[in-house]
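The values are calculated or read from the model by the stated rules, or taken from the named source; none is laboratory data. The shown structure was predicted, so the numbers you read here are calculated from the model rather than taken from an experiment. Quick reminder, even Gly has a Cβ in these numbers, built from the backbone with ideal geometry, and neighbours come from all protein chains shown.
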Amino acid sequence: MNYFKLQKKIFYSLIIFSFLISKPIHSLEVEGIAKVVDGDTIIIDEKKIRLFGIDAPELDQHCKKPWIQFNFINLNKNYNCGLVAKEKLKKIISKNEIKCKGEKYDRYKRLIAICYKKGKDLNKWLVRNGLAINYTKYSKKYLRSENQAKREKVGLWSGEFDEPWEWRKKNK
């Protein structure tokens, strides 16, 4: 075999190899009854799942919402927004089958996934209802839902809050 044919075979082999390792081999799916850990983490069949593209307030995080409004005076009230996100997620999931689809795990060995209840994207639902925000560091998938929640001042957007990642920096 001459030198150029060998070089050509090596070149094509490297291209094929790099293509194979750059694509996910398959997506990972988990299905079953979910236990809610917090506003962006669930467990199905002992597998921890972190909801992709969103960040919900931490369980001990407090936010402010309008309490009394009179003319130009607004008095805010503190509330546990992390616990609210968890409870609302628990309520929508109820005892229904949840299907989660992901492709990779995070450093805590949680599957990063989009989860569905009867075809409804739960990640999107959380953002759309102001219970979580789009985690732009990792994705912009839910920005439209976030902007809609902001315009309508629902959930977190009705008052004041620290982004969950900023709150963690200050408090953990």
Arg151 more than 16 Å from the chain's Cα centre (by Cα) and over 20 Å from Ser27 (Cα atoms) = yes
remark   = Within the stretch 103-125, of all residues that are outside any strand (DSSP E or B) and hydrophobic (A, V, I, L, M, F, W, C), the one surrounded by the fewest Cβ atoms within 10 Å (Cβ to Cβ) is Trp125
Of all residues making up the stretch 129-156, the number that are crowded, with 18+ Cβ neighbours inside 10 Å, touching a residue at least 24 places away in the same chain (Cβ under 8 Å) and not small (Gly, Ala, Ser) = 8
remark   = Scanning the stretch 81-102 residue by residue, those of a type in the set (Lys, Arg) and part of a helix (DSSP H, G or I) turn out to be Lys86, Lys88, Lys90, Lys91
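Which is in contact (Cβ under 8 Å) with a residue 24 or more places away in the chain and of a type in the set (D, E, K, R), of Asp121, Asp162? So that I can check it myself, show each step before the final result.
Numbers: Asp121 fails: in contact (Cβ under 8 Å) with a residue 24 or more places away in the chain.
Only one candidate passes the filter, namely Asp162.
If you go through the stretch 111-149, how many residues are of a type in the set (Phe, Trp, Tyr) and touching a strand residue (DSSP E or B) at 6+ places or on another chain (Cβ under 7 Å)? It would help to see each step written out before you state the result.
Filtering the stretch 111-149 down to residues of a type in the set (Phe, Trp, Tyr) leaves 116, 125, 135, 138, 142.
From what's left, touching a strand residue (DSSP E or B) at 6+ places or on another chain (Cβ under 7 Å): 116, 135, 142.
Summing the residues that are of a type in the set (Phe, Trp, Tyr) and touching a strand residue (DSSP E or B) at 6+ places or on another chain (Cβ under 7 Å) in the stretch 111-149 gives 3.
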message = Tell me whether the stretch 81-104 contains one or more residues that are closer than 25 Å to Glu163 by Cβ and of a type in the set (Ser, Thr, Tyr).
response = no
message = One residue is enough: does the stretch 65-80 have a residue meeting the conditions in contact with a strand residue (DSSP E or B) (Cβ under 7 Å, 6 or more places away or on another chain), at pLDDT 95 or above, surrounded by fewer than 20 Cβ atoms within 10 Å (Cβ to Cβ) and not in a strand (DSSP E or B)?
response = no
